[in-house]
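Asker: Got a structure here, written out as structure tokens. Questions coming.
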Amino acid sequence: MGKKLALTGNQAVATAMKQINPDVCAAYPITPQTEIMQRFATFVADGEVDTELITVESEHSAMSACIGAAAGGGRVMTATSSQGLALMWEMLYIASGMRLPIVMPVVNRALSAPINIHGDHSDSMGARDSGWIQLYSENAQEAYDNVIQAVKIGEHPDVRLPVMVCMDGFIISHSIESMELLPDDVVKEFVGEYRATYPLLDVDHPVTYGPLVLPDYYMEFKRQQHEAMLHVKDVVLEVAKEFERISGRSYGLFESYRLDDAEIAVVILNSAAGTMKDVVDSYRDRGIKVGLLKPRLFRPFPYREVAEALGNAKVVGVLDRADSFGGFGPTYMEVASAFTTNGARPLMLNWIYGLGGRDFMPEHAEQAIQQMVKVLETGEVEVQKDYLGVRE
Amino acid sequence: MKGWRDIPMGGVIPDAGNAVQYNTGSWRAFRPVWKPENCIQCLFCWIYCPDGAVNVKDGKREDFDYLHCKGCGICANECPGKKGQKAIVMVEEGK
Ligand code: SF4
Ligand code: SF4
């Protein structure tokens, strides 16, 4: 078993990266991610890793450097947030289109304008169609565990896709919590050696990356990407099983909390799920059958499994820390689609909360559950999409 | 044509040297014409051509490979020729 330590989310992720010891990392600072690459740069300077650290002039260049290094055949990582992820946009699609299993912690932060450095999920939710696998993490422990597992998931021969590991800016990245680290040699053995399929640096077998593909073949390559995504669920579960053997911690596609007999189900991502679980407990104490589902794997989204897990709920409330102006929140859209796989028709509500790092307090969770209790009683949804904690 | 299950992952071209299978000559709007009388055999055209469309045999320049020459005109631009007379001139196709 590993060591118990008090670490911030950023420190935990930087430590995971040290233990993974990637071949190449690109580094560019952006709040609240900066501390990850800063700490990692210290590990490089102190000779604690063998990584080639490339300092670049922007996130666009950071992802470009990662793509080159990954095409070269290396195990490659970087980290970003917010505007940095937005600036990488063009290159995100190239990394996934070229099937390069880069691993990137994303410390979730709001997007400008107005400029704001605090946590919400607008950045990674915007990138959900970029062809990257997305794992979400409630706390520092999950972020650490997800980063280590992400390496094996992305590099799996049936997958070969890049992975984002998301955690909430400041709330998790800068808060100290007690967590457990695995021993270095255990992580090293777990992630193993990476063998790229078409390494550019294998000069005896020269290959071409990034050729022009016209209407005659483009769609076939995109269909392949979808196929790779379809393999991800099984691989995530397989890797989770292996990870449980070394850590004692179990992971799935999502976490179900008091969901089995729940009439009311709340779906919520990342750190706010912790607050919500406490409030679920207090409602359970009062005899109200509330449960919670916390997605871990958001891309690919496990539609069938989520629909099954929410199967018995009559009212489903989805809380989103990102908005789609003029539409429902991104998690709501996925959960609503999930019910098309089994034909369930619960009453559904969507709340947008915590934008720009606004605190998600127990009273906000109560307000949502209270509303769902009312909908369960009346069978009527008055406002389908609403905002929590916004001043009128 | 191949289906999505039979093509290499990620748009990679796993074999080298297959540009020869693609007849880029059909893209040409202007055709380079070689004038051997002005040629000093410097082979600049051979070095600069992005498509390997200048045939060379035993170190001597031969005529263009029009199946692959795209007509970019780089060779004509670089050609020093003899006494100010170019050994490559660009002629519009169809003329
Ligand atoms: S015109 Fe361009 S492609 Fe054709 S031979 Fe000259 S340099 Fe090569
Ligand atoms: S560049 Fe001009 S002079 Fe030199 S070899 Fe080619 S055609 Fe001849």
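The values are calculated or read from the model by the stated rules, or taken from the named source; none is laboratory data. Just so you know, these numbers come straight off a predicted model, no measurement behind them. Note: ideal-geometry Cβ built from the backbone for every residue, glycine included; neighbour counts use all protein chains shown. Accessible surface is based on the protein model in full, side chains and every heavy atom, while ligands, DNA and RNA are left aside. Shrake-Rupley method; radii C 1.70, N 1.55, O 1.52, S 1.80 Å.
Asker: Residues of A:215-223, mean number of Cβ from any other protein chain within 10 Å of their own Cβ, rounded to a whole number? Don't jump to the answer; show the numbers that get you there.
Answerer: Values: counts 0, 1, 5, 1, 1, 8, 7, 1, 4.
The per-residue average across the peptide is 3.
Asker: Rank A:Gln367, A:Asn116, B:Phe44 by how far each Cα sits towards the positive end of the charge dipole of the protein assembly as shown (+1 on Lys, Arg Cβ; -1 on Asp, Glu Cβ) and give me just the farthest.
Answerer: Projecting each Cα onto the dipole axis, the largest value belongs to B:Phe44.
Asker: Something else: Output the Kirkwood hydrodynamic radius of the range A:135-218, Cα pairs only, in Å rounded to one decimal. Mind dumping the intermediate values first?
Answerer: Numbers: mean 1/r = 0.0627 Å⁻¹.
This gives a value of 15.9 Å.
Asker: Skip the ligands, DNA and RNA, and give the accessible area per residue of the range A:186-237 with a 1.4 Å probe, whole Å².
Answerer: Numbers: 3570 Å² over 52 residues.
Value for the range A:186-237: 69 Å² per residue.
Asker: With 5 Å bins from zero, work out the P(r) of chain B over every alpha carbon pair and list the percent per bin.
Answerer: P(r) over chain B, rounded to whole percents: 3, 13, 20, 20, 15, 9, 7, 6, 4, 2, 1, 0.
Asker: Once every DSSP H run of n ≥ 4 in the protein assembly as shown is given -39500 (n - 2.57) and the sum is divided by its residues, what mean residue ellipticity at 222 nm do you get, rounded to the nearest 500 deg cm²/dmol?
Answerer: Values: 14 runs with 170 residues, N = 487.
-11000 deg cm²/dmol, from helical runs alone.
Asker: Then there is this: Kirkwood Rh over alpha-carbon pairs of the range A:1-121, then Stokes-Einstein at 25 °C and 0.890 mPa s: what D in µm² s⁻¹, rounded to an integer? Display every interim value, and only then the final one.
Answerer: Values: Rh = 14.6 Å.
Here the translational diffusion coefficient equals 168 µm²/s.
Asker: Please give the residues from the range B:1-24 for which the solvent-accessible area of heavy atoms, probe 1.4 Å, is smaller by at least 40 Å² with all protein chains in place than with the chain isolated.
Answerer: Flagged in the range B:1-24: B:Met1, B:Trp4, B:Ile7, B:Met9, B:Gly10, B:Gly11, B:Val12, B:Ile13, B:Pro14.
Asker: Using only the Cα atoms of the range A:255-387, build the gyration tensor, take square roots of its eigenvalues as a ≥ b ≥ c, and label the shape rounded, prolate or oblate: rounded if a/c is under 1.5, else prolate if a/b is larger than b/c, else oblate.
Answerer: Rounded, because the longest to shortest axis ratio a/c is under 1.5.
Asker: For the cross-link pairs B:Lys57/B:Lys82; A:Lys222/B:Lys2; B:Lys35/B:Lys57; A:Lys3/A:Lys277, which exceed 19 Å when the distance is taken from alpha carbon to alpha carbon?
Answerer: Details: B:Lys57/B:Lys82 21 Å; A:Lys222/B:Lys2 14 Å; B:Lys35/B:Lys57 17 Å; A:Lys3/A:Lys277 26 Å.
From B:Lys57/B:Lys82; A:Lys222/B:Lys2; B:Lys35/B:Lys57; A:Lys3/A:Lys277, over 19 Å: B:Lys57/B:Lys82; A:Lys3/A:Lys277.
Asker: Quick one: angle between helix A:362-378 and the longest Cα principal axis of chain A, in degrees between 0 and 90, rounded to 10, please.
Answerer: 50
Asker: Evaluate the distance, in nm, between pseudo-label points positioned 7 Å from the Cα of A:Ser178 and of A:Asp129 along their respective Cα→Cβ axes.
Answerer: 4.5
Asker: While we're on this one: Counting protein heavy atoms only and a 1.4 angstrom probe, how many square angstrom of accessible surface do chains B and A bury in total, to the nearest 100? Write down the numbers at each step before the final one.
Answerer: Values: alone 6970 and 16990 Å², together 22340 Å².
About 1600 Å² of accessible surface is lost on pairing.
Asker: Just name one of A:Ser250, A:Leu212, A:Tyr198: the one whose Cα is farthest towards the positive end of the charge dipole of the range A:105-258 (beta-carbon charges, Lys/Arg +1, Asp/Glu -1).
Answerer: A:Leu212
Asker: What whole-number distance in Å separates the alpha-carbon centres of the range A:79-140 and the range A:179-228?
Answerer: 19
Asker: I've got another one for you. Compute the angle between helix A:218-247 and the longest alpha-carbon principal axis of chain A, please, reported from 0 to 90 degrees and rounded to the nearest 10.
Answerer: Between the helix axis and the principal axis of chain A, the angle is about 80 degrees.
Asker: About the Cα centre of the range B:23-92, what is the dipole size in debye to 20, counting +1 per Lys and Arg Cβ and -1 per Asp and Glu Cβ, all else neutral?
Answerer: Numbers: 10 positive and 8 negative charges, 40 e Å.
The dipole magnitude comes to about 200 debye.
Asker: Calculate what fraction, in whole %, of the accessible area of the range A:197-338 sits on carbon and sulfur atoms when a 1.4 Å probe is rolled over the protein chains.
Answerer: Working: 3410 of 6440 Å².
About 53 percent, which is the carbon plus sulfur part of the accessible surface.
Asker: Roughly how big is the range A:257-355's charge dipole about its Cα centre, with Cβ charges of +1 (Lys, Arg) and -1 (Asp, Glu), in debye to the nearest 20? Let's see the in-between values first.
Answerer: Values: 12 positive and 11 negative charges, 9 e Å.
Magnitude of the dipole: close to 40 debye.
Asker: Sequence-distant or interchain residues sharing an amide H contact under 5 Å with B:Cys39, placed H: which?
Answerer: Hits under the 5 Å cutoff: none.
Asker: OK, next. With charges set only on the Cβ (+1 for Lys and Arg, -1 for Asp and Glu), what does the dipole of the protein assembly as shown come to about its Cα centre, in debye to the nearest 20?
Answerer: Details: 47 positive and 64 negative charges, 263 e Å.
My answer is approximately 1260 debye.
Asker: If you don't mind, there's one more thing I want to ask. Just name one of B:Pro14, B:Cys69, B:Val33: the one whose Cα is farthest towards the positive end of the charge dipole of chain B (beta-carbon charges, Lys/Arg +1, Asp/Glu -1).
Answerer: The Cα lying farthest towards the positive end belongs to B:Val33.
Asker: Roughly what angle does helix A:140-155 make with the longest principal axis of chain A, taking Cα atoms, 0 to 90 degrees, to the nearest 10?
Answerer: For helix A:140-155, the angle is close to 50 degrees.
Asker: How large, in Å, is the protein assembly as shown by the Kirkwood hydrodynamic radius built from its alpha-carbon pairs?
Answerer: Values: mean 1/r = 0.0396 Å⁻¹.
Result for the protein assembly as shown, one decimal place: 25.2 Å.
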